[in-house]
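I have placed the structure first, in the form of structure tokens, so that the comments after it can refer back to it.
Values quoted throughout were computed directly from the atomic coordinates according to the rules given, and no laboratory measurement underlies them. Just so you know, these numbers come straight off a predicted model, no measurement behind them. Glycine also receives a Cβ, built like all others from the backbone with ideal geometry; neighbour counts cover every protein chain displayed.
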Amino acid sequence: MTSPAPLSSFTAVVLSLALGACAASPEGSAGSPTGGSSGGLAGQPSGAGAGGGGGAGGALADTTTRAYTADDPGIAYLGRVSFTNPKQPRFDLGGVQISARFNGTAVAVSLKDEFRYGKYVNSYDAVVDGVTVMKVVPQSGVEKYVIANGLPSGEHEITLVKRTEAAAGAAWFTGFAFAGDILPATQRPTRRIEFIGDSITAGSGIEAANGTPPCTGPPDGWGLMVENAYKSYGPLVSAALAADYHLIGVSGIGLVRNYSNMYDARTMPEVYDLYYPELMDSPGKMDQPRWDATQRMAWVPDALVIGLGTNDFGPGDMTDTTQPFPRPAMTAEAFSAAYVTFVTTLRGYYPAAHIFLVSSPVLASPPLEAGLQMTEDHFAAAGDLAVHHFVFGKVNGLGCGTHPNADQHMALAKALAPFMQEKLGW
């Protein structure tokens, strides 16, 4: 079993992750199409570190360019990824990771994007040997992107992390190319945490100051290009506790009601079982893939962290003509009743998991926090002592739309990780 990072070194762990993620320019390049060559990959992209990490050393690599399709056993996936087409797996949620080890000097990735509505596009952090070397933004008509050239000859690891959430559209991965050979996949941590929540969990607006052009400008007016699930508190907590993670973060979503009903009134309990929570089934049909018992048995979390309530207890969207503004106040009793139902469902899926209910870090709401306490008390009275609630200290969100920024997410992770470690006995 992988040992956790001691909490005394928490700051070092989190700073390493966060500083690596800051290595690329916030407006980084999408990179360039690859070409076949010996000794490197054509089209060095702007923002990619030519040297990258130091690698593991060893014998000099054969640096002939080789392409590996998405179903190669050396490629590892983390998150909700549909393998209906194993050569072109699809994923929509933020935080999904795709990684591979290789012996060589260069790496490129092949991606396709939905380009939803002709204006949205996903983005990715490309991490080489633990350091984020560039931000990848797909371009129309381009599938292959060079991540790094000129790495020291030897063993390296590439990880591609989807920064953007499902609302940005679908993404497809088709493979890696290396100036070198792929190596067997790294053994994953045995500890697993699933994070479920709203835009805070999704890392919305995390990389820009509220009210600045990256937040209010194209393509969406809500900071899509500065969203980064990889910098949100979930991955940071997971790194500190030496755990893998899944992230189900959906902006605007609630437990009982959402921020707005104009586009999609489904709440988290209604979309939790879906691969693609932004999509609705055709009328009268269930025609999109479900995260069903087969997938749940293949990836069983030791802990679930649920961060819902900001949108339930907030005043709502003043532009939403389907409901009054401000809305009737949410009560602790109604919130807790819905939580009991949702947690009971999750407990049925994961009988041994610890379930952590966390408060909103940006909304001071005594009824929300009372509802969390009532929910924990309900399960404790029934003999289930593995349901816990945790109250974050409140912050004035400095990111887009008053969401927490990267530094504030780091503070949230630093507060939550020791509480979870104690409860989990890690």
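Quick notes on this one:
- Computed helical MRE - 222 nm, the chain, DSSP H runs ≥ 4 contributing -39500 (n - 2.57), nearest 500: -6500 deg cm²/dmol
- Long-range amide H partners of Val305 with built H, under 5 Å: Glu194, Phe195, Ile196, Phe356
- Counting charges near Val340 (Lys, Arg +1; Asp, Glu -1) among other residues having Cβ under 13 Å from its Cβ returns a value of -3.
- For Met134, the residues whose modelled amide H falls within less than 5 Å of its own, excluding neighbours fewer than 5 places apart on the same chain, are Ala126.
- Sequentially through segment 258-272, phi angles give Karplus couplings (6.51, -1.76, 1.60; θ = phi - 60°) of 9, 4, 9, 9, 5, 10, 7, 8, 5, 8, 4, x, 7, 10, 4 Hz, Gly and Pro residues having no value and appearing as x.
- The simple Förster model, with R0 at 41 Å and r as the Cβ-Cβ distance, assigns Ala364 and Asn85 a FRET efficiency of 0.30.
- Largest-first principal axis extents of the Cα set of the chain (Å): 66, 46, 42
- Radius of gyration (Cα atoms) of segment 191-424, expressed as a multiple of 2.2 N^0.38 Å: 0.98.
- Cα-based shape type of segment 250-314, given that a ≥ b ≥ c are square roots of the gyration tensor eigenvalues and the cut on a/c is 1.5: oblate
- Scaling the Cα radius of gyration of segment 294-426 by the globular reference 2.2 N^0.38 Å produces a ratio of 1.14.
- Within segment 318-340, backbone nitrogen closer than 20 Å to the virtual label 7 Å beyond the Cα of Lys423 toward Cβ: 332-333, 335-340
- Annotation: peptides 87-95, 143-151, ranked by per-residue average of other Cβ atoms within 10 Å with the highest first, follow the order 143-151, 87-95.
- Antiparallel %, DSSP beta bridges [both residues in the chain], to 5: 70 percent
- Length added when fully stretched, Ala337-Ala380, from 0.36 nm per residue minus Cα-Cα: 14.0 nm
- Near Arg191, the amide H atoms lying under 5 Å from its own belong to Thr2, Asp244; only residues 5 or more places off or on other chains count, and H is placed 1.01 Å from N.
- Per-peptide packing, taken as the mean over residues of other Cβ atoms within 10 Å, places 295-307, 317-329 in the sequence 295-307, 317-329 from highest down.
- Convex hull (Cα only) mean projected area of segment 117-178, reported in nm² to one decimal: 4.8 nm²
- Bridgeable lysines around Lys162 (alpha carbons under 25 Å apart, same-chain partners fewer than 8 residues away excluded): Lys87, Lys112, Lys119, Lys135, Lys144, Lys231, Lys414.
- Couplings for segment 67-79, taken from phi via the Karplus curve 6.51 cos²θ - 1.76 cosθ + 1.60 with θ = phi - 60°, read 9, 10, 6, 5, 8, 5, x, x, 9, 10, 10, 9, x Hz in order; Gly and Pro are left as x.
- Relative packing of peptides 225-233, 123-131, 210-218 - highest average C-beta neighbours within 10 Å first: 225-233, 123-131, 210-218
- Centroid-to-centroid separation of segment 163-206 and segment 330-369 [C-alpha atoms, Å]: 26 Å
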